[in-house]
1. What accessible area per residue, rounded to a whole number of Å², is obtained for segment 4-126 using a probe radius of 1.4 Å?
2. Over the chain, what per residue volume does the convex hull of the Cα atoms give, in whole Å³?
3. Keeping the other protein chains in place, figure out the carbon and sulfur percent of the accessible area of segment 44-176, with a 1.4 Å probe.
4. Quick one: putting +1 on the C-beta of Lys and Arg, -1 on the C-beta of Asp and Glu, what dipole do you get for segment 42-192 around its Cα centre, in Debye to the nearest 20?
5. Enter the accessible area of ARG32 (Å², nearest 10), with the probe set to 1.4 Å and all protein chains included.
6. Would you be so kind as to identify all helices of the chain, as entire DSSP H runs, whose Cα atoms reach 20 Å or more along the helix's own axis and whose mean Kyte-Doolittle hydropathy is at least -1.0?
7. Percent relative contact order of the chain, based on C-alpha pairs within less than 8 angstrom and at least six residues apart?
8. Relative contact order for segment 86-169 using alpha-carbon pairs under 8 Å, separation at least 6, rounded to a whole percent?
Amino acid sequence: MLYACRPLSTAACALTPAALLTDNELILHGQRSTHQQTNFMAGRYVLKDLLTQHYGSSWLDWDIRPSPSGQPQAFLHGKASTINVSISHSQTMAAAVISTTAQVGIDVEDKKPRANLTELLNRIATPDELSWWQAQPDALSAFYRLWTIKEAVGKLHGTGLNLSQPIDNDIWTNCPIDDDKSVCTIAARPFLQD
């Protein structure tokens, strides 16, 4: 499993849409607002950078398409690959993870102050998660850790954010980020071996 997390401004400006995106991706890109286009480009850049570095081919040989459940799926030369991928972005960061041995999900969030953390957590957290959060010394960091775990696990399962589902502690891990302003989590479930 390989992952990368980069500043959004660097990732989004690295290449022009025509140099990075396939015809399919250009259509999806064009259907978004300007802000969403920046996020789309940044996520694709980080993901395709991982794919080209570790599996070869050029940027345009890799086509990232939504699967029927909405998860990104990597195609190489028009054929579905066996590489599992996930993309995330926040206001300031873009992140991606790839794996051939596990189903994966990733989420990155900026640690922005939020009003009423307790009220919000009462709606999204299980009782055990709420107890864990209350025991943490840094409430804001703990909130974003819990949120990114739930998002990454939802992406892993292809179900989206299921706020009331308990977290399986065996399938997620923290992603080191060079700043303390963001939180990133990867969820991975290895494929069963025969």
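The values are calculated or read from the model by the stated rules, or taken from the named source; none is laboratory data. What you see is a predicted model, and the numbers here were worked out from it, not measured in a lab. Because the Cβ atoms are built from the backbone with ideal geometry, glycine has one as well, and the counts that use them run over all protein chains shown. Protein only, heavy atoms only, side chains kept; ligands, DNA and RNA dropped before computing areas. Shrake-Rupley method; radii C 1.70, N 1.55, O 1.52, S 1.80 Å.
1. On the way: 5740 Å² over 123 residues.
Result: 47 Å² per residue.
2. Working: hull volume 25.9 nm³, N = 194.
Convex hull volume per residue, Cα atoms: 133 Å³.
3. Details: 3170 of 6370 Å².
Carbon and sulfur together cover 50 percent of it.
4. On the way: 13 positive and 16 negative charges, 80 e Å.
Value, rounded to 20: 380 debye.
5. Rounded to the nearest 10, that gives 80 Å².
6. Details: long enough: 34-55 (30 Å, -0.70); 139-157 (27 Å, 0.27).
Those that clear 20 Å and a mean of -1.0 are 34-55, 139-157.
7. Working: 368 pairs, mean separation 38.4, N = 194.
Normalised by residue count, the contact order of the chain is 20 percent.
8. Values: 104 pairs, mean separation 24.4, N = 84.
Relative CO of segment 86-169 lands at 29 percent.
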